[in-house]
Amino acid sequence: MESLKGQVVLVVGASSGIGRATAALFAKEGARVMAAARREDRLKGLRAEHPEIETAIADATDAANNALLLENIREHGDRTARFVCVIALVKDGRLVRTFRGAVEGRILDAPRGSGGFGYDPLFYYEPFGCTFGEAPIADKMRVSHRAQALEAMFTFLRGLLSSEIALPA
């Protein structure tokens, strides 16, 4: 994993086991972690185990979350950002392989565009020359972090099928 020391990381869905584990891993790697969940009671355990992690209730609109992100990074000079997706392929409860997709961009000072969701209006993608909130949805989906991770998994699975090799037992 690349160094996260000093990076600002937002973990949404921190009330799930995976979300809590992700937030804890990022904190251990030296990132400044902001973890969000929809219910306060779900964050208490995370705060008790990891007081260094900042927490917030995410029962808000995309616009409110975007405003909070801008407030939290106002003093942060580097606006480099990335959307990351990791998909785990599991068989019989055992991890077979993970597949990662990432798209690089930067966070703007104000939202632009009404398309997409979440942080798309703040995420400027240089190859498009606009934010994901301004980009046509088909273009965004072609380069998205989720599409990259899924394509990597599908390529792996097609390779298994074409070679008639079974997944590891």
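So if R0 is 45 Å, what FRET efficiency would residue 52 and residue 137 give, r being the distance between their Cβ atoms, rounded to the nearest 0.05?
Values: r = 38 Å, r/R0 = 0.84.
Efficiency, from the Cβ-Cβ distance: 0.75.
Hey, how much of the P(r) for the range 18-81 falls beyond 20 Å, as a percent of Cα pairs? Provide the component values of the computation, followed by the final result.
Details: 658 of 2016 pairs.
Value for the range 18-81: 33 percent of Cα pairs lie more than 20 Å apart.
Whole percent per 5 Å bin, from 0 to the bin with the longest distance: what is P(r) over all C-alpha pairs of the range 60-146?
For the range 60-146, the binned pair fractions read 3, 14, 22, 21, 16, 10, 7, 6, 2, 0 percent.
Which of the aspartates and glutamates could a cross-linker span from residue 140 if the Cα-Cα distance has to be under 13 Å and same-chain partners fewer than 8 positions apart are dropped?
Within the straight-line cut-off, residue 140 pairs with 104, 120, 126.
In what order do 123, 128, 83, 154 fall by count of nearby beta-carbon atoms within 10 Å, going from fewest to most?
Details: 123 27, 128 15, 83 19, 154 11.
Listing 123, 128, 83, 154 from fewest to most nearby Cβ atoms yields 154, 128, 83, 123.
In nm, give the distance between the simple-model label positions of residue 106 and residue 154, each being 7 Å from the Cα along the Cα-to-Cβ direction.
3.3 nm
Please report, in Å, the Rg and the Dmax of the range 91-140, where both are computed over Cα atoms only.
Cα only, the range 91-140: 14.9, 46 Å (Rg, Dmax).
Contour minus end-to-end for residue 63 and residue 146, with contour as 0.36 nm per residue of separation and end-to-end as the Cα-Cα distance? Working shown, then result.
Numbers: separation 83, 0.36 × 83 = 29.88 nm, distance 2.23 nm.
Result for the pair: 27.7 nm of gain on full extension.
Quick one: what Rg and Dmax do you get for the chain from the alpha carbons, in Å?
Calculated on Cα positions, Rg and Dmax stand at 17.7, 54 Å.
The numbers here are math on the coordinates, done by the rules we state, and not lab data. Quantities reported herein were computed from a predicted structural model and do not represent experimental measurements. Neighbour counts run over all protein chains shown; Cβ positions are idealised from the backbone, glycine included.
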